[in-house]
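Below: one structure, written as structure tokens.
The values are calculated or read from the model by the stated rules, or taken from the named source; none is laboratory data. These numbers were taken from a predicted model, which means no experiment stands behind them. Reconstructed Cβ throughout: ideal geometry from the backbone, glycine too, with neighbour counts over all protein chains shown. Quick note on the areas: whole protein, heavy atoms, side chains included, nothing else; ligands and nucleic acids left out. Shrake-Rupley method; radii C 1.70, N 1.55, O 1.52, S 1.80 Å.
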Amino acid sequence: MSSQQPLLTRGEPRGNSEYLATSSSSANEVTEVASAAQPKGSATETFFHIVCITAGTGILQLPYALKQGGWIGALYIILAAMISAYTGNILIKCLYHKQGTRLRSYSEVVEAAFGQYGRAIARGLKDFNLLGVAGIFIVLAGININALVSGTAADSLGPQFWIAVSSVLVWLVIVLAREIHDVFILSVFGTLTTVATVLIIVWLGISDLEYMRVRPPTKLVDIGMAPMSLASICFSFGGNLNWPDLEASMQSPKRWNRTLGLATAFIAFIYLCVALVGYGVYGDLVKSPVLLSLPPGIAIVVANAMITAHVLLACPIILTAVFIEAENDLNITSVAGSSTRERLYSILFRTAMMLVIAMTALFVSDFSKIVTILGAVAASMVVFVIPVACYVRLFQGQREFSALEYAWCTLIVGVGLMCLFIGTSQALAKL
């Protein structure tokens, strides 16, 4: 059975007595009181968390996504942003589908809609998404560090060595952080580094355009590569797995929809800036990540350093939320013993998971192909298909859906399934 948090109304202050009112066991009581006692974050903090989690690695392969699908990829970015905001909102609505209670996680929403088997499938997709996202963050950090030390005594170490070092750095933060609120400063810094990277890419791209005698070719649309292009863009808007935790960490959860909308609009704007400039300047010759296409110099060194810092800091933010849910499922709480034992079990669990992620990052390190496969297989389901399916299933007896909303939901599911089936086959063939 899924655990639920009793509450009065969404957005109301949640005191200890509310959490204890309907608990059925002492273990649940302890967990709920501890959750209520955790410091809550503002809407501004949540905005930075959303931007930091979503924008970062995906932004660097967006010009390449336009190379795959053509200029129409700009519309894919807008479509993906609209769908991401919508699915993020309905996912949080699903947490409150029963009056007076709140589900705790993405997995519990799926269980409420489709039972234990549905939860198992969603959990498998989520874990695959976790390994892929963290792996790509670590791979990108390793590649960038290797580029930064090029020409120095450390040049001979190679990217694999720096991927391993990046894994260790992420592990150190993971074992120190306990709650999402603890890593707020990382989100602020990560967001600022992303904005700085966008400015550098746009500035270098436009500056490089002046020295080009012949403009590289571009295309309006490539129907054959459209699913792969859309799959990459889908991954760039992934993040739904963390939304229940972020909404629960807010002082005023009722401000979630507005905060998510603003954050998604901001992300779409910077995505369009990078995609349009990158593809507009370098056309079908653009590389992934786009930093490889930019002219060398101090600016590109700074951009590499910025994005490296971002991914190393954003990775623990993503993993912290997922590890917290996993630890709750494994009953790694103080009710099982002393807080020292709880902390030890948590460190051991997170260390084991980081070893798996590090091995995945070291085994497959082709950045663009990983992004495409991940977007086609996992992100298309957990970001698009599953939230819509749960929303319709949980609310179909409580409200009447209009024909327009059914059509919109059908479009979202269609986009997700297209990315899953067609995008996956093309990406695996290239790999």
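Computing the accessible area with a 1.4 Å probe over protein heavy atoms, can you report the carbon and sulfur percentage for segment 99-191?
That share works out to 69 percent.
For residue 41, what residues show an amide H to amide H distance below 5 Å, using hydrogens built from the backbone and excluding near sequence neighbours?
Placed amide hydrogens put 250, 251 under 5 Å from residue 41.
Using modelled amide H (1.01 Å from N, peptide plane; none on Pro or chain starts), what sits under 5 Å from the amide H of residue 102, excluding residues fewer than 5 places away?
5, 7
Between residue 252 and residue 157, what is the spin-label point distance in nm, taking each point 7 Å from the Cα along the Cα→C-beta axis?
It works out to 4.7 nm between the two label points.
Between residue 44 and residue 121, what is the label-to-label distance in nm when each label sits 7 Å out along the Cα-to-Cβ direction?
Reported label-point gap for residue 44 and residue 121 is 4.4 nm.
Please report the net charge: other residues with Cβ closer than 11 Å to the Cβ of residue 326, K and R +1, D and E -1.
-1
Show the residues, 5+ positions off or on another chain, whose built amide H is closer than 5 Å to the amide H of residue 222.
So residue 222 has HN proximity to 70.
Once you've got the Cα coordinates, tell me which of 126/287; 40/254; 93/254; 98/254; 40/126; 219/287 are over 18 Å apart.
Check vs 18 Å cut-off fails for 126/287; 40/126.
At 1.4 Å probe size, with no ligands or nucleic acids counted, give the accessible surface of residue 218 in Å², nearest ten.
Surface accessible to solvent at residue 218 totals approximately 60 Å².
Using a 1.4 Å probe on the protein heavy atoms only, what accessible surface does residue 98 show? Give it in Å² to the nearest 10.
Using a 1.4 Å probe on the heavy atoms, I get roughly 110 Å².
Residue by residue, what Karplus-based ³J(HN,Hα) values in Hz, rounded to whole numbers, does segment 136-151 have, using 6.51, -1.76 and 1.60 with θ = phi - 60° and x for Gly and Pro?
Coupling constants for segment 136-151: 5, 4, 5, 4, 4, 4, x, 4, 5, 4, 4, 5, 5, 8, 4, x Hz.
Find out how many positive minus negative residues lie around residue 217, taking Lys and Arg as positive, Asp and Glu as negative, among other residues whose Cβ is under 11 Å from that of residue 217.
+2
Ordering 323, 349 from largest to smallest accessible area (1.4 angstrom probe), what's the sequence?
349, 323
Can you tell me the dipole magnitude for segment 49-199 around its Cα centre, using point charges on the Cβ only (Lys, Arg +1; Asp, Glu -1), in Debye to the nearest 20?
480
Testing the spin-label approximation: label points 7 Å from Cα along Cα→Cβ at residue 402 and residue 265. State their distance in nm.
2.0
Please work out how much accessible surface residue 75 shows to a 1.4 Å probe, ignoring ligands, DNA and RNA, in Å² rounded to 10.
Estimated to the nearest 10 Å², residue 75 gives 110 Å².
Would you please state the base-10 log of I(q)/I(0) at q = 0.10 1/Å for segment 217-316, with intensities from the Debye formula using one equal scatterer on every alpha carbon?
Each listed q corresponds, in turn, to -0.41.
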